[in-house]
Amino acid sequence: MNSINQKVVTRFAPSPTGFLHVGGIRTAIYSWAYARKNNGKFILRIEDTDKVREVEGSIDHIIESLKWIGIDWDEGPDIGGPNAPYKQSERLDSYIKYAKILIEKGLAYADPYTEEEVEDFRKKAEEEKRPFLYRDHRPENPPAWDGSQPLRFKIKDIKSYEWKDEVRGMLKAGPEALDDFVLIKSDGYPTYNFAHIIDDLEMGVTHVMRADEFISSTPKFLALYEALGIERPLLVTLPPIMGPDGKKKLGKRDGAKDFLEYKKEGYLPEAMLNFLAFIGWNPGGEKEIFSKQELINTFNIEGIHISGGKFNVEKLDWINKEHIKKLSPDKLKENIFEWLPEELQIEKIIPIIAERISKFSDIKVMVESGELDFFYKEPEYSRDKLLYKTTEAETIKNNLNEVLEALKDKQEDHFTKENTKNILMMIADKKDNRGEVLHPVRFALSGLDKSPDPFILIEILGKQEVIKRLNKAISVL
RNA sequence: GGCCCUAUCGUCUAACGGUUAGGACAUCGGCUUUUCAAGCCGGUAAUCCGGGUUCGAUUCCCGGUAGGGUCACCA
């Protein structure tokens, strides 16, 4: 077992079969956060042993996804490291080396069957509602392995296993979980089952964090560790992230999208980090908004959950909003301007937009719905709307005139939110109904049923535009 | 079907034998500078069922039920 003083080494090992979705990202977050918390090492390794399913460009896409959310690694395919290479397809010599050791020990043998024959065994087992076990068909005198057949691991001791999982506690499995699995495929590449064990060994990985679908194959891994006489890393099983129905594990098939889509939708990477970390882990307190550094400082294995959690978009939006609020003025401006059309890039509107969005793509919706038009376009006035809940055009007209009178002699720099609020409220409070002052002013300036309050509108539009619009509105009445 | 795992408000969760079962999101209601948003205040809402163990079970054990994972020359 690993001594307590050993430096923590974790890894994230995706296969380049397309994009990463939130499930993969979260696994990466935990491994990374744990390594950072313990001043350990985090490795990125690419498990590209399935050449058929490999998708061109995946590695770059994976790296881009991880970098966006703020995960960094100490060793990896892009930056190298003492255990290079970090792509399994380039580590074939290692697998062959260990395969030969197993052959010599009489613990690995060539599989003489064709794929079709094995497939028939499987189908038969399935029809009989039995689990498929290759070892039921284990050949008595297998040929010498020449690399053209699959090399299988020979399980010498078919027994029950019991092991400790750092999250689940003691886990067990019957002998049915053990089978002669393929070590090296007929194309010369190793299987995941074999390769990851060799790599973890050579790279000194101390904690293997992965989702719970690997629990059932753990006895096979355990048998392999025994056969090789090697110390195993600590096993940390992560709970699944469930799909929208809350039942099935989230997968690409049921809506799991490319993680980078969240970037396109205008989510903040630190919000994604915060949100994802909290599906399946909780530090125990009531604090929910965590910065990257706080997350690293707080992360622990004890807080990892056993059962799965659902991906809740409403909660994500809330967390994102909380992170937007924490943005520095410069950062906020930078982010918001990125989403605004040229003519709307007015610094003064940033606070208004910021309080109305939960993610930056909401700005796009606001722009498209014309909600922001009044900042640079004179509104079209409707008499009915100006009248609001009264039918007394004279009253409204008088009120608007009163406001106009109060404002027109003020200096330009007097047109602040605070000042105009005092002026307007003083006028409004004299009336029976404050809305008969506030609403027409707001509408005269924005032309919208729903808009920010009249005071901030005055500040943003400035003296000249305010006077102009008030006059125009009065002329309609 | 075999093996394995899981089970607290609608959702994410706190509780590590003793709490009026707490918080957050969502929802509902109220307040403010009578719109909208935001903000603030408040409400509704949960221990899957049945047995044990115990003075006492959300918590420990067993069974049921429901859900999930896995049974590839995929990872």
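Rule-based calculations on the coordinates, nothing more; no lab input. As the structure is a prediction and not an experimental result, all values here were calculated from the model. Because the Cβ atoms are built from the backbone with ideal geometry, glycine has one as well, and the counts that use them run over all protein chains shown.
If I ask for residues that are within 7 Å of RNA strand B (Cβ to nearest atom) and not hydrophobic (A, V, I, L, M, F, W, C), which ones from the stretch A:123-139 would you list?
Result: A:129, A:130, A:131, A:134.
Scan the stretch A:414-424 and tell me whether some residue there is closer than 28 Å to residue A:268 by Cβ and in contact with a helix residue (DSSP H, G or I) (Cβ under 7 Å, 6 or more places away or on another chain). Before you say what the answer is, go through the steps one by one.
Just the residues of the stretch A:414-424 that are closer than 28 Å to residue A:268 by Cβ, to begin with: A:417.
Subset that is in contact with a helix residue (DSSP H, G or I) (Cβ under 7 Å, 6 or more places away or on another chain): A:417.
Taking every residue of the stretch A:414-424 in turn, at least one turns out to be closer than 28 Å to residue A:268 by Cβ and in contact with a helix residue (DSSP H, G or I) (Cβ under 7 Å, 6 or more places away or on another chain).
Scan the stretch A:415-431 and report the pairs whose first residue is within 14 Å of residue A:461 (Cα to Cα) and whose second residue is within 9 Å of RNA strand B (Cβ to nearest atom) and among the hydrophobic types (A, V, I, L, M, F, W, C), with Cβ atoms within less than 6 Å and a gap of 6+ or a chain change.
Between residues of the stretch A:415-431 that are within 14 Å of residue A:461 (Cα to Cα) and residues that are within 9 Å of RNA strand B (Cβ to nearest atom) and among the hydrophobic types (A, V, I, L, M, F, W, C), the close pairs are A:417/A:455; A:417/A:456; A:420/A:455.
Being in contact (Cβ under 8 Å) with a residue 40 or more places away in the chain, within 18 Å of residue A:232 (Cα to Cα) and either buried (at least 17 other Cβ atoms within 10 Å of the Cβ) or in contact with a helix residue (DSSP H, G or I) (Cβ under 8 Å, 6 or more places away or on another chain) (or both) narrows it down to one of A:42, A:12, so name that one. Give the derivation first.
Values: A:42 fails: in contact (Cβ under 8 Å) with a residue 40 or more places away in the chain.
The match here is A:12.
With a cut-off of at least 2 residues that are within 8 Å of RNA strand B (Cβ to nearest atom), hydroxyl-bearing (Ser, Thr, Tyr) and within 11 Å of the chain's Cα centre (by Cα), name the helices (runs of 4 or more DSSP H) lying wholly within the stretch A:237-318.
On the way: elements: A:260-264, A:269-277, A:292-298.
By residue number, no helices (runs of 4 or more DSSP H) qualify.
Within the stretch A:387-401, which residues are in a helix (DSSP H, G or I) and surrounded by 13 or more Cβ atoms within 10 Å (Cβ to Cβ)? Can you show your working first?
Going residue by residue through the stretch A:387-401, those that are in a helix (DSSP H, G or I) are A:387, A:393-401.
Correct list: A:387, A:393, A:395, A:396, A:397, A:398, A:399, A:400, A:401.
Which of the residues belonging to the stretch A:15-39 are of a type in the set (Phe, Trp, Tyr) and free of Cβ contacts under 8 Å to residues at least 60 places away in the same chain?
As a first pass, look at the stretch A:15-39 and keep what is of a type in the set (Phe, Trp, Tyr): A:19, A:30, A:32, A:34.
Within the stretch A:15-39, just A:32 meets the criteria.
Here is a list: A:17, A:49. Which entry is crowded, with 20+ Cβ neighbours inside 10 Å and of a type in the set (Val, Ile, Thr)?
Values: A:17 fails: crowded, with 20+ Cβ neighbours inside 10 Å.
Step by step, each of A:17, A:49 is checked, and only A:49 is crowded, with 20+ Cβ neighbours inside 10 Å and of a type in the set (Val, Ile, Thr).
Any residue in the stretch A:301-323 that is within 26 Å of residue A:247 (Cβ to Cβ) sitting within a Cβ distance under 6 Å of a residue that is outside any loop (DSSP other than H, G, I, E, B) and near RNA strand B (Cβ under 8 Å from one of its atoms)? List the pairs, counting only those 6 or more apart or interchain.
Once the first residue is within 26 Å of residue A:247 (Cβ to Cβ) and sits in the stretch A:301-323, its partners that are outside any loop (DSSP other than H, G, I, E, B) and near RNA strand B (Cβ under 8 Å from one of its atoms) give A:303/A:281; A:304/A:281; A:308/A:242; A:310/A:242.
Would you check if there is a residue in the stretch A:65-73 being in a helix (DSSP H, G or I), more than 13 Å from RNA strand B (Cβ to nearest atom) and without any contact (Cβ under 8 Å) to a residue 40 or more places away in the chain?
yes
Every residue in the stretch A:118-175 that is aliphatic (A, V, I, L, M) and either touching a strand residue (DSSP E or B) at 6+ places or on another chain (Cβ under 8 Å) or part of a strand (DSSP E or B) (or both), please. Let's see the steps before the verdict.
Filtering the stretch A:118-175 for residues aliphatic (A, V, I, L, M) gives A:118, A:125, A:133, A:144, A:151, A:155, A:158, A:167, A:170-171, A:173.
Scanning the stretch A:118-175 gives A:144, A:151, A:167, A:170, A:171, A:173.
Could you tell me whether residue A:222 is within 22 Å of residue A:11 (Cα to Cα), more than 8 Å from RNA strand B (Cβ to nearest atom), under 20 Å from the mean Cα position of the chain (by Cα) and not in a loop (DSSP other than H, G, I, E, B)? Break it down stepwise before answering.
Details: within 22 Å of residue A:11 (Cα to Cα): yes; more than 8 Å from RNA strand B (Cβ to nearest atom): yes; under 20 Å from the mean Cα position of the chain (by Cα): no; not in a loop (DSSP other than H, G, I, E, B): yes.
Here the answer is no, as residue A:222 does not meet what is asked.
If residue A:298 meets every condition in (1) more than 30 Å from residue A:236 (Cα to Cα); (2) of a type in the set (Ser, Thr, Tyr); (3) surrounded by 14 or more Cβ atoms within 10 Å (Cβ to Cβ) apart from one, which number is that one?
That leaves (1) as the condition not met.
For the subset of the stretch A:148-176 comprising residues that are under 21 Å from residue A:235 (Cα atoms) and touching a Lys or Arg at 6+ places or on another chain (Cβ under 7 Å), which member is surrounded by the most Cβ atoms within 10 Å (Cβ to Cβ)?
The selected residue is A:161.
Only residues that are away from RNA strand B (no atom under 16 Å from the Cβ) and either in a helix (DSSP H, G or I) or closer than 18 Å to residue A:262 by Cβ (or both): list them for the stretch A:46-62, please.
Across the stretch A:46-62, the qualifying residue is only A:60.
In this structure, does residue A:103 turn out to be among the hydrophobic types (A, V, I, L, M, F, W, C), within 30 Å of residue A:291 (Cα to Cα) and either free of Cβ contacts under 8 Å to residues at least 12 places away in the same chain or crowded, with 16+ Cβ neighbours inside 10 Å (or both)?
Details: among the hydrophobic types (A, V, I, L, M, F, W, C): yes; within 30 Å of residue A:291 (Cα to Cα): no; either free of Cβ contacts under 8 Å to residues at least 12 places away in the same chain or crowded, with 16+ Cβ neighbours inside 10 Å (or both): yes.
Judged against the criteria, residue A:103 is not a match.
Scan A:155, A:198, A:184 and give me the residue that is more than 30 Å from the chain's Cα centre (by Cα), more than 9 Å from RNA strand B (Cβ to nearest atom) and among the β-branched types (Val, Ile, Thr).
Numbers: A:198 fails: more than 30 Å from the chain's Cα centre (by Cα); A:184 fails: more than 9 Å from RNA strand B (Cβ to nearest atom).
Criteria check complete, one pass: A:155.
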